[in-house]
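This report concerns only the one structure given below.
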Amino acid sequence: MAKVKTTGSSTSTKKSRPAISPEARENQLISLAVDLAEQQLRDGTASSQVITHYLKLGTTRERLEKEKLEEENKLLKAKTENLQSQKRVEDLYTKALNAMRKYAGQGDEDDYEY
């Protein structure tokens, strides 16, 4: 990415390509907002809301809440995988029972030609 210099200023702005999805656009805007907040904090021009926001991010409580959310996500993923596994096992049992019925000569009526 090329940097474009503005006239009369020593700062440079990045020219980024357009986002290809709404999520990518959202991520671009978040990145710009974080960059602006960082610059304001460095310059000492940040509002009290910006300062408070970043102070809260550094607290022990925030870290614990983040860890809790991560663990809850892991639990949800494990439950989802368990349900999918149960579905596969159920399908295998059904196929095995059908195979045993056919082997014993008790297949479905659809299996016989008239």
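Going residue by residue through the stretch 66-81, is there one that turns out to be of a type in the set (Ser, Thr, Tyr) and modelled with pLDDT under 95? No; the residues of the stretch 66-81 include none that is of a type in the set (Ser, Thr, Tyr) and modelled with pLDDT under 95.
Among residues of the stretch 55-80 being part of a helix (DSSP H, G or I) and either of a type in the set (Val, Ile, Thr) or in contact with a helix residue (DSSP H, G or I) (Cβ under 7 Å, 6 or more places away or on another chain) (or both), the one that is most open to solvent (accessible area, probe 1.4 Å) is Lys56.
The values are calculated or read from the model by the stated rules, or taken from the named source; none is laboratory data. Predicted, not measured: the structure shown is a model, and the values here were computed from it. Virtual Cβ from ideal backbone geometry, glycine too; neighbours counted across all protein chains shown. Ligands, DNA and RNA are excluded from the accessible area calculation, which covers all protein heavy atoms including side chains. Shrake-Rupley method; radii C 1.70, N 1.55, O 1.52, S 1.80 Å.
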